[in-house]
Amino acid sequence: MSYRSRKDRYRSSSYGGYHKAGNNIIKRIIIFLLILFITFEAISSLFISTFKMESISMEPTISAGDNLIATPVFFHPEIPFTGISFPGIRNPRRGEIILYKPSFYSEMPWYIKVPDSIIRFFTIQKKGFPGYEDTWSNSLMMKRVIGIPGDTIKFENNEVLIKPAGKSYFFSEKEILQAEYTITRYPVPDNWPEDFPFAGNMDEISLGEDQYFLLGDNRSMSNDSYYQGPVDKKNITAKVILKYVPSIEIPQ
């Protein structure tokens with residue numbers, strides 16, 4: 001074998017080795033990122049997820065722009081991208097702040113949801129699939145649990161009255177809920193008809209099995225069960241457990 005042929009062979013072998021090593025590194029990076037993404041999605045769907053409040057419906061407890069941590073494990077843990085869910089640890093309780101899918105919620109198709117989740121993962125939740133980044137119909141809502149199955153709820157002059165199952169009389173909201181929170185209301189104009197929105201009156205409504213009555217703490221600026229009606233347990237996705245931006249605290 002000539003000197004030139006050995007030299008050419010050496011160069012070819014070296015290039016092939018470098019090329020193969022480079023491909024292996026790329027494959028390892030891709031596999032690592034894929035495992036990291038799957039792990040993140042599993043943790044978010046089953047145990048811990050983050051949520052940014054976009055409305056003022058829970059003020060003053062939670063303000064627009066606050067970042068929170070919620071856990072699906074209590075009510076609605078779900079296998080990512082499958083729609084398959086498991087029974088939670090327990091049922092929602094009065095006074096708890098929860099996330100839920102409203103009646104107008106429209107589930108993303110899987111072929112949009114997967115790339116949307118990938119984009120959100122690599123942009124730290126700042127971007128989503130084009131056209132779905134801020135879609136209202138795909139937004140979860142945050143409210144407080146006021147009534148549970150078997151309760152009868154009514155409003156009288158902006159006061160929420162609750163009659164638990166088996167009781168013959170009503171309690172005020174503050175008497176029966178254990179959480180300490182502040183309610184915001186704005187006065188309506190004089191001579192405002194009682195059957196108009198925000199009038200603060202509502203006829204009795206009895207909650208059926210697996211039905212919950214949810215309200216925002218900002219009663220004058222909240223689209224909740226006062227307008228939407230009761231929410232089924234299957235639509236309650238997570239319990240809010242911590243606010244971490246702009247301050248760290250446990251919402252009550």
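Values in this text are rule-based calculations from the coordinates and carry no lab data. Note that the structure is a prediction, hence the values are computed from the model and not measured. We place every Cβ from the backbone using ideal geometry, glycine too, and count neighbours over all the protein chains shown.
At 0.36 nm per residue, minus the direct Cα-Cα distance, what do ARG90 and LYS167 gain on full extension? Give it in nm, one decimal, please.
That works out to 25.4 nm of additional length.
Please report the spacing between the Cα centers of region 206-240 and region 83-113 in Å, no decimals.
Using only Cα atoms to place each centre, the spacing works out to 12 Å.
Write down the Kirkwood hydrodynamic radius of region 18-124, to one decimal in angstroms, obtained as one divided by the mean of 1/r over all alpha carbon pairs.
Answer for region 18-124: a Kirkwood hydrodynamic radius of 16.5 Å.
Provide the per-residue ³J(HN,Hα) series for region 26-40, in order, calculated from phi with Karplus coefficients 6.51, -1.76, 1.60 and θ = phi - 60°, each as a whole number of Hz, with x at glycine and proline positions.
4, 4, 5, 5, 4, 5, 4, 5, 5, 5, 5, 5, 4, 5, 4
Whose amide H sits under 5 Å from the amide H of PHE171, counting only residues 5 or more places off or on another chain, with H placed in the peptide plane?
Distant-sequence amide H within range of PHE171: ILE162, LYS163.
Taking K and R as +1 and D and E as -1, what net charge do the other residues with C-beta under 9 Å from the C-beta of GLU96 add up to?
Summing Lys/Arg as +1 and Asp/Glu as -1 gives +4.
Under the rule of at least 5 residues apart or a separate chain, name every residue whose amide H is placed under 5 Å from the amide H of ASN218.
MET58, GLU59, THR184
Restricting attention to region 140-177, which GluC sites (Glu not before Pro) occupy a DSSP loop and are surrounded by at most 15 other Cβ atoms within 10 Å?
Sites meeting the loop and neighbour criteria: none at all.
Report, by chain and number, residues whose modeled amide H sits under 5 Å from the one on THR237, excluding near sequence neighbours (fewer than 5 apart, same chain).
LEU99, TYR100, LYS101
How many nm separate the modelled label positions at GLU175 and LEU33, each set 7 Å beyond the Cα in the direction of the Cβ?
For GLU175 paired with LEU33, the spin-label model returns 6.0 nm.
Strictly over 21 Å apart at the Cα level, which of LYS167/LYS233; LYS52/LYS239; LYS143/LYS243; LYS52/LYS243; LYS101/LYS143; LYS52/LYS127 would you flag in this model?
Correct reply: LYS167/LYS233.
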